[in-house]
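A.B. asks: Below is one structure. I have some questions about it.
The values are calculated or read from the model by the stated rules, or taken from the named source; none is laboratory data. The structure presented is a predicted model; accordingly, all values stated were derived computationally and were not measured. With ideal geometry, Cβ positions are generated from the backbone for all residues, glycine too; neighbour counts draw on all protein chains shown.
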Amino acid sequence: MQGFDLRVSKNKKNLMVFVTVFALVAFAWSNQVMAAFDVLTEPDSSFIFSSSNALEKILKADKSDTFIFSLPLSAPKPALAKSNNLFAPVPLQVIGGFNIDGNVPDAGTTNFPDPSGNSDELGPINGSTTKLGVVHTDVPPTLGFTNPNAQTDLRNIWLKTNTAANGDVWLYFAWERDSANGSGVIMYEFQQAAPPASCNYSGSQATLLASCNPWANRQAGDFIIVWDQQGNNINIIKRTFMLVNGQLVLDAGVTLNSTVSDAAISADGFFGEGAINLTRTIFPPNPTSCFTIANIIPGTVTGNSDTADYKDVVLADFSSIFISNCGGVKVTKVTNPAGETGNFQYTLKQSDDGAIRYDGTTQVNGTLTSDGDFDQINDLRTGNDYMLTEDLTGEPAWALQSIVCNGVNVTSGQFSVVALSTGQKRIGV
Ligand SMILES: [Ca+2]
Ligand SMILES: [Ca+2]
Ligand SMILES: [Ca+2]
């Protein structure tokens, strides 16, 4: 077999140590589970074992003086590896808080189902003005009903964002399609503007057919994540819209490397999942404003070219998926006794009076008037020295008891504002 060999003389006393070390070396070298590797005791005999203890037993019983240990040069990708003869547990492909191992979906993600099989589905009517690169210019009617072929027919989409401990925002995206194989490119478009009002997918179908162009609010800085797969090799490509001579055009794209992205397909080929570091790939490195996504359009297209036709699109309300490099603070009044009213003034600022918004705002002042009353303060720059104070000079009958943020008493302390991630509600945006 191909591989590199480690030759040792038999020494039963040290055998277990060696076997253990070899196992660790094998694991580190391959960086993934070996489905099996061969132990050659004679030139033409080989066998498969499943644990170092089993190997030790075999070697001790063997009469040879020298053993040759071989590792195959290439090992199967983890997500495609067979689960029999496992030498060690499947290593976690954890990146940005997500486990990109081909098991779809990850826990806590949001599911967006899409019709499949023989269903007629709402999607762009094929034509020269509904190609990938120009569909935003199409004058409705843009949508019609078609039945996408299985390999381009999406059944489900899953999305989630996560803010890592270092503050980086990661996006998880996964899909299920109606076929285990076949050509077709899967992509997710992310737009900063909300969908047009005429695109209320739970509303009138007649309105959608007559007036909705889901891409109409495309703008410079919007981007597409392309799932480009050749065989088992998956490239995750970021393509960005930019203005050239007043025209919105797609750039050629950047293939994201493994420090900022990962992707895996399921063993049965029906599912895929990936994650990208938005902070390192999408958000401006020196931001001058909040970069916030308000619309997402997943879909399949005939290829990764500007003139590709859409085959299937997932038209849904994605407003529960928050993507932003800015954060928010919700200030809620609690009175003791409960149910009281008053004139409760507060100030939100940073301890160094730095700008809390990109427009230069250094503090937000507000007034809450009853138990349970709240303000949601959005578009805040991230920072770790935020402070909230209450001013009760107009309410001498009341005294401040405490200010608590995510369970931590910050009455006289500071707290962090991090970039928004899924699960944090933005209210009153
Ligand atoms: Ca997974
Ligand atoms: Ca179909
Ligand atoms: Ca579909």
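Let's see how each residue does on (1) more than 21 Å from the chain's Cα centre (by Cα); (2) crowded, with 19+ Cβ neighbours inside 10 Å; (3) not in a strand (DSSP E or B):
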{"position": "K160", "(1), (2), (3)": "no, yes, no"}
{"position": "A165", "(1), (2), (3)": "no, no, yes"}
{"position": "W170", "(1), (2), (3)": "no, yes, no"}
{"position": "F173", "(1), (2), (3)": "no, yes, no"}
{"position": "S179", "(1), (2), (3)": "yes, no, yes"}
{"position": "I186", "(1), (2), (3)": "no, yes, no"}
{"position": "C199", "(1), (2), (3)": "yes, yes, yes"}
{"position": "A210", "(1), (2), (3)": "yes, no, yes"}
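A.B. asks: Against the condition farther than 19 Å from I297 by Cα, in the same structural domain as P124 (by TED's automatic domain parsing) and among the polar types (S, T, N, Q), how does S261 come out, does it pass?
C.D. replies: Judged against the criteria, S261 is a match.
A.B. asks: With (1) surrounded by fewer than 20 Cβ atoms within 10 Å (Cβ to Cβ); (2) in a strand (DSSP E or B); (3) more than 16 Å from ligand 1 (Cβ to nearest atom) as the list, and S116 as the residue in question, which single condition is left unmet?
C.D. replies: Unmet for S116, out of (1) surrounded by fewer than 20 Cβ atoms within 10 Å (Cβ to Cβ); (2) in a strand (DSSP E or B); (3) more than 16 Å from ligand 1 (Cβ to nearest atom): (2).
A.B. asks: May I pose another question? Which condition number does A174 fail, the rest of (1) within 16 Å of ligand 1 (Cβ to nearest atom); (2) more than 18 Å from I323 (Cα to Cα) being met?
C.D. replies: In the conditions (1) within 16 Å of ligand 1 (Cβ to nearest atom); (2) more than 18 Å from I323 (Cα to Cα), A174 misses (2) alone.
A.B. asks: Does segment 128-144 contain at least one residue that is surrounded by 22 or more Cβ atoms within 10 Å (Cβ to Cβ), within 13 Å of ligand 2 (Cβ to nearest atom) and assigned to a loop (DSSP other than H, G, I, E, B)?
C.D. replies: Scanning segment 128-144, I find no residue that is surrounded by 22 or more Cβ atoms within 10 Å (Cβ to Cβ), within 13 Å of ligand 2 (Cβ to nearest atom) and assigned to a loop (DSSP other than H, G, I, E, B), so the answer is no.
A.B. asks: Got a number for residues in segment 340-374 being farther than 27 Å from P285 by Cβ and among the hydrophobic types (A, V, I, L, M, F, W, C)?
C.D. replies: Of the residues in segment 340-374, 3 are farther than 27 Å from P285 by Cβ and among the hydrophobic types (A, V, I, L, M, F, W, C).
A.B. asks: Within the bounds of segment 234-251, is there any residue that is closer than 25 Å to S320 by Cβ, within 16 Å of ligand 1 (Cβ to nearest atom) and surrounded by 15 or more Cβ atoms within 10 Å (Cβ to Cβ)?
C.D. replies: Yes, segment 234-251 contains at least one residue that is closer than 25 Å to S320 by Cβ, within 16 Å of ligand 1 (Cβ to nearest atom) and surrounded by 15 or more Cβ atoms within 10 Å (Cβ to Cβ).
A.B. asks: Quick test of your reading of the structure: A355 fulfils all but one of (1) closer than 29 Å to A294 by Cα; (2) small (G, A, S); (3) assigned to a strand (DSSP E or B). Name the failing condition by number.
C.D. replies: With (1) closer than 29 Å to A294 by Cα; (2) small (G, A, S); (3) assigned to a strand (DSSP E or B) applied to A355, the lone miss is (3).
A.B. asks: With closer than 21 Å to I234 by Cβ, within 15 Å of ligand 3 (Cβ to nearest atom), part of a strand (DSSP E or B) and polar (S, T, N, Q) as the only criterion, which of N111, N156 stands out?
C.D. replies: From the options N111, N156, the qualifying one is N156.
A.B. asks: Regarding T130, is this residue hydroxyl-bearing (S, T, Y) and in contact with a Pro (Cβ under 8 Å, 6 or more places away or on another chain)?
C.D. replies: So T130 fits the description; yes.
A.B. asks: Just name the residue that is nearest to ligand 3 (Cβ to nearest atom) out of those in segment 116-131 that are of a type outside the set (D, E) and closer than 14 Å to L154 by Cβ.
C.D. replies: Checked segment 116-131; the qualifying residue nearest to ligand 3 (Cβ to nearest atom) is S116.
A.B. asks: Could you tell me whether segment 329-350 includes any residue that is in contact (Cβ under 8 Å) with a residue 60 or more places away in the chain and within 31 Å of the chain's Cα centre (by Cα)?
C.D. replies: Yes: segment 329-350 contains one or more residues that are in contact (Cβ under 8 Å) with a residue 60 or more places away in the chain and within 31 Å of the chain's Cα centre (by Cα).
A.B. asks: Select from segment 175-199 the residues that are touching a Pro at 6+ places or on another chain (Cβ under 8 Å), away from ligand 3 (no atom under 15 Å from the Cβ) and in contact (Cβ under 8 Å) with a residue 24 or more places away in the chain and list them in ascending order.
C.D. replies: E189, P195, S198, C199
A.B. asks: Scan segment 335-345 for residues that are surrounded by 14 or more Cβ atoms within 10 Å (Cβ to Cβ) and out of contact with any Leu (no Cβ under 6 Å at 6 or more places or on another chain) and jot them down.
C.D. replies: Residues satisfying the conditions are T335, E340, G342, Q345.
A.B. asks: Among D222, D262, which is the only one that is touching a residue at least 12 places away in the same chain (Cβ under 8 Å) and either within 30 Å of N384 (Cβ to Cβ) or not charged (D, E, K, R) (or both)?
C.D. replies: D262
A.B. asks: Which is hydrophobic (A, V, I, L, M, F, W, C), more than 19 Å from T382 (Cβ to Cβ) and either in contact with a Pro (Cβ under 6 Å, 6 or more places away or on another chain) or outside the structural domain of Y188 (by TED's automatic domain parsing) (or both), of V254, V314?
C.D. replies: Among V254, V314, only V314 is hydrophobic (A, V, I, L, M, F, W, C), more than 19 Å from T382 (Cβ to Cβ) and either in contact with a Pro (Cβ under 6 Å, 6 or more places away or on another chain) or outside the structural domain of Y188 (by TED's automatic domain parsing) (or both).
A.B. asks: While we're here: Among the candidates T335, T307, T347, T288, which residue alone is of a type in the set (S, T, Y), outside any strand (DSSP E or B) and outside the structural domain of N149 (by TED's automatic domain parsing)?
C.D. replies: T335 is the lone residue from the list that is of a type in the set (S, T, Y), outside any strand (DSSP E or B) and outside the structural domain of N149 (by TED's automatic domain parsing).
A.B. asks: Determine whether segment 169-177 contains at least one residue that is modelled with pLDDT under 95 and within 22 Å of A294 (Cα to Cα).
C.D. replies: Yes, segment 169-177 contains at least one residue that is modelled with pLDDT under 95 and within 22 Å of A294 (Cα to Cα).
Okay, residues lined up against (1) of a type in the set (V, I, T); (2) more than 12 Å from ligand 2 (Cβ to nearest atom); (3) in contact with a Ser or Thr (Cβ under 8 Å, 6 or more places away or on another chain):
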{"residue": "T152", "(1), (2), (3)": "yes, no, yes"}
{"residue": "L159", "(1), (2), (3)": "no, yes, yes"}
{"residue": "N162", "(1), (2), (3)": "no, yes, yes"}
{"residue": "A165", "(1), (2), (3)": "no, yes, no"}
{"residue": "V169", "(1), (2), (3)": "yes, yes, yes"}
{"residue": "F173", "(1), (2), (3)": "no, yes, no"}
{"residue": "E176", "(1), (2), (3)": "no, yes, no"}
{"residue": "A180", "(1), (2), (3)": "no, yes, no"}
{"residue": "V185", "(1), (2), (3)": "yes, yes, yes"}
